[in-house]
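Asker: Have a look at this one before I ask anything.
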Amino acid sequence: METKRNQKYFAAKGINPVLIVGLVIALVGIVLLFGGNTRPIGIVIILVGVAVAVFGSGAKAGEYDIDNQIYGVTKEMPEQAMIKYEVYEKHFITIIKPVFLKGFDFSLEETPCKKGSDHIYRTNMFNAAQLYFTKTKIYVYGKHITLTDDSEEANYEFGGAFPYEDVKEAYIEEKKFNAAGKEISVYYFGLKLKNGEDAFKFTVEYGADVDKARDDINHVIEKMTEKAEERERIKASKRAALRAEAEKEAAKADSKKTAEKQEETAAPVNEKDAADTAPAEEASAGEEKTEE
């Protein structure tokens, strides 16, 4: 990141004075070029003027340089997201395509802001996020870029993996921003969780594709949440059936143990009764024999 040149870009206001001086010097050289004896001096002055103009125009970054630096940081994000979360195309659901969101950051009131020759307002901060969708989760891999500060605190990653049943909605929010004295509309794209927090939220380059991304994401959240809830109902039903079966088997086991215990308790009593009855039967038999 060319932070020093970027700082000059956002700090510069109006026409570049160094560039103007260079052009004036070159113009003087052109005049002297047609003066006969001053021709050699004119050539030298033209070269000096061109050098000054080139130095003046190259002292700060331009819109193309800013955009090119951002592209250099964000172009590998789709692949980086897959590697980070170990989620690849074979895991993606087909009812929605991966979503890539990006835009200059207008979240701070004092953010340096400049309108380019292409009529685009740029700040010194930029956000981008790659979103992937699987059967169970939304994966978010984001980067916050600061063009005028190359420290780790000013350039970081954000995001995470969010189960559909924890996500409430994707939304777009319009706010006003004071851009160099002019009030402009900026648009935030956010992913709201059911606990009230945002999985992420940042200003994006707004257009019809952003509206479509919001609608598609909300459709997926609704459908996949229903499927997740159905899976939970099926799991709960299976757990209840297994629990009932286990309780039934436990009851059978308890009943069997009770029966066995009752049999063990009754056995000695029966043996004693048999022993007491035997002498009486023998005596009775003896009496009968004597009478005969």
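Asker: Quick one: in the range 190-231, of everything that is more than 24 Å from residue 128 (Cα to Cα) and free of Cβ contacts under 8 Å to residues at least 24 places away in the same chain, which residue is surrounded by the fewest Cβ atoms within 10 Å (Cβ to Cβ)?
Answerer: Step by step, filter the range 190-231, then rank; the result is 230.
Asker: Right, next: Quick check, is residue 100 in contact with a strand residue (DSSP E or B) (Cβ under 6 Å, 6 or more places away or on another chain), buried (at least 17 other Cβ atoms within 10 Å of the Cβ) and within 24 Å of residue 152 (Cα to Cα)?
Answerer: Spelling it out, it is not the case that residue 100 is in contact with a strand residue (DSSP E or B) (Cβ under 6 Å, 6 or more places away or on another chain), buried (at least 17 other Cβ atoms within 10 Å of the Cβ) and within 24 Å of residue 152 (Cα to Cα).
Asker: Okay, moving on. What about residue 169, is it open to solvent by 60 Å² or more (accessible area, probe 1.4 Å) and either without any contact (Cβ under 8 Å) to a residue 24 or more places away in the chain or not in a strand (DSSP E or B) (or both)?
Answerer: Answer is no for this residue.
Asker: So in the range 33-64, with the set limited to residues that are open to solvent by less than 50 Å² (accessible area, probe 1.4 Å) and at pLDDT 70 or above, which one is farthest from residue 116 (Cα to Cα)?
Answerer: Per the stated criteria, the residue is 38.
The values are calculated or read from the model by the stated rules, or taken from the named source; none is laboratory data. Please read these numbers as outputs of a predicted model, since none were measured by experiment. Here the Cβ is made from the backbone with ideal geometry for all residues, glycine too, and neighbour counts use every protein chain on show. Just the protein is used for accessible areas: all its heavy atoms, side chains included, with ligands, DNA and RNA removed. Shrake-Rupley method; radii C 1.70, N 1.55, O 1.52, S 1.80 Å.
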